Amino acid sequence: MARLSPARRVALSLVGDRRRRDARIRDLARDDAALEALSPADRALAYRLAVGATAATTTLDELVNAYLKRPGSLEPRVRDALQIATYEICYLDTPAAVSASQGVELVRSVAPRAAGLANAVLRKVAAETRLRVDAARERLAAGGADSADLALASALPAWLLRRVLDDRGAELVRGLAQAQLEAAPVCVAANGLRHDASGLEQLLEREELEPHAVAALPGSFVLGAPAGLARTGLVTAADVVVADQSAQLVCRIAAPAVSVDLLEVGQGRGTKSILLATAVDAKHPSHIVAVDSVPYKVRLSRRRMEAAGLAATVTCVELDGCLLASENLPAELDRRFGTVLVDAPCSGSGTLRRHPEIASSLSAADVSSLASLQARLLVAAAARVAPGGTLIYSTCSVLREEDEAVVDAFLASEAGHGFAIEPVSQAPACQASARLAQVVGACQTPEGYLLVPPAPDGGDGHFCARLVRA
């Protein structure tokens, strides 16, 4: 009888907690003492298994059920263990025999009598299903874009992949599928009030985080050894912010040419606020008024601004962004702004590898509902743009219904009268940096929008439109 590895035991605990509490797996992992106690290698494996099994839940259920006579009778903890083992067999590089053996022990740890069933199922998964997955991935790598191959190779829902294929073409959907099963790069950016690019790089090197500079984004680094970031306290102290490269590109495009007042709609946890405040001139930060409708996010953002030294620069307001065109607004909002950024809530279809719960819960109806909300936010926010000002619309979706369709409908509406598209490559930051202009230009659509495709070794999928008010 093989001995169950601690990494797989912790992964099963995390997946079970997520199912019972309906929580986010990344939030659970962030505070899990058992995960933190593992060696770096085991910690990485446990995290990868827990996140991967969560993202692929729907597909893994189908693969496991194919070998069960009565799928509905399977105990939840046994199903969790079989999903984790099937994920490792089919989608990681662990030898199949090792994955299957450890999977049997994982099931035995929660239901000893089910070990025989697990052995039968996982041996078939290793002998049959893994070969099918490998073949599908090889066909994609060779340039194929069959929807069944895309779904099997990435463990993403077939309807979503077909939608992306129809919207964006074979190359982008292949990148999305191939990126899904790779660990997302961890990228950090400096708090410009405290560190310049050189100083931060030296600090990250001293902490043995293996920083690699992002050429087009000064002060931004991809970490080769990100597992040690939490223990440094740099994120908690707001010396750095963790932000995907594509999200940082959006902040550079949104940054005004001079330190002017900026309205941020959809502040979330305040990451973009910190980046925007110091994007132009760290010594003279732009003043930002940021709104969000979720009370705990507003409270969290206020604490982060204090930690970052930006409490006097960034004003956090609890407000539904759809009310921005209303009367009787708080004094901070009852005016016009030189720049308004709408960081719209969206499907997150460009960030699936970072948000594993999305894949199994998102539906086409959800996308349409979000697009309706995005349209209302954009119309309301437009009322706060000063004459000659700039309106930025951004999502982390690669679906046309949430991106171009929302902007085009706005421009055709009465609220959009007087606004015109300005190509993202003409943003002030691009005018000031040839390297940034080159990167942004490579992702600029014919209409002048930014569309960053998700890539296995690069950033997430993001969309951004830049509109100027006459």
When only residues in segment 299-331 that are within 14 Å of D261 (Cβ to Cβ) and surrounded by 15 or more Cβ atoms within 10 Å (Cβ to Cβ) count, which is modelled with the lowest pLDDT? T313
Could you pull out every one of the helices (runs of 4 or more DSSP H) wholly within segment 208-301 that has 3 or more residues that are touching a residue at least 40 places away in the same chain (Cβ under 8 Å) and touching a His at 6+ places or on another chain (Cβ under 9 Å)? 245-254
Output yes when any residue across segment 133-154 is under 30 Å from V241 (Cβ atoms) and buried (at least 20 other Cβ atoms within 10 Å of the Cβ), and no when none is. yes
Give me a count of the residues in segment 432-470 that are loosely packed, with under 15 Cβ neighbours inside 10 Å, free of Cβ contacts under 8 Å to residues at least 40 places away in the same chain and over 26 Å from V164 (Cβ atoms). 2
Identify all residues within segment 11-47 that are over 24 Å from the mean Cα position of the chain (by Cα) and hydrophobic (A, V, I, L, M, F, W, C); write none if there are none. A33, A34, A37, L38
The one condition Y296 fails out of (1) loosely packed, with under 14 Cβ neighbours inside 10 Å; (2) over 25 Å from G233 (Cα atoms); (3) under 25 Å from the mean Cα position of the chain (by Cα) is (2)
Out of L156, L176, which single residue is in a helix (DSSP H, G or I) and in contact (Cβ under 8 Å) with a residue 12 or more places away in the chain? L176
Looking at (1) part of a helix (DSSP H, G or I); (2) out of contact with any Leu (no Cβ under 8 Å at 6 or more places or on another chain), which is the only condition D93 fails? (1)
Here the residues within segment 83-108 that are surrounded by fewer than 16 Cβ atoms within 10 Å (Cβ to Cβ) and touching a residue at least 12 places away in the same chain (Cβ under 8 Å) are L92, A97
Take L310 and tell me if it is assigned to a helix (DSSP H, G or I) and either in the same structural domain as R354 (by TED's automatic domain parsing) or on the phi > 0 side of the Ramachandran plot (or both). no
Might you check whether a residue that is at pLDDT below 95, assigned to a helix (DSSP H, G or I), in contact with a helix residue (DSSP H, G or I) (Cβ under 8 Å, 6 or more places away or on another chain) and of a type outside the set (A, V, I, L, M, F, W, C) occurs anywhere in segment 72-90? no
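Among residues belonging to segment 419-431 that are surrounded by 19 or more Cβ atoms within 10 Å (Cβ to Cβ) and part of a helix (DSSP H, G or I), point out the one that is nearest to the chain's Cα centre (by Cα).
From segment 419-431, those surrounded by 19 or more Cβ atoms within 10 Å (Cβ to Cβ) are 419, 424-425, 427, 429-430; that's our starting set.
Still in the running and part of a helix (DSSP H, G or I): 424-425, 429-430.
Details: V424: 21, S425: 23, A429: 24, C430: 24 Å.
Among residues in segment 419-431 that are surrounded by 19 or more Cβ atoms within 10 Å (Cβ to Cβ) and part of a helix (DSSP H, G or I), the one nearest to the chain's Cα centre (by Cα) is V424.
The values are calculated or read from the model by the stated rules, or taken from the named source; none is laboratory data. Quick caveat: nothing in here was measured; it's all calculated off a predicted structure. When we count neighbours, we look across all protein chains shown, and the Cβ atoms used for this are built from the backbone with ideal geometry, even at glycine.
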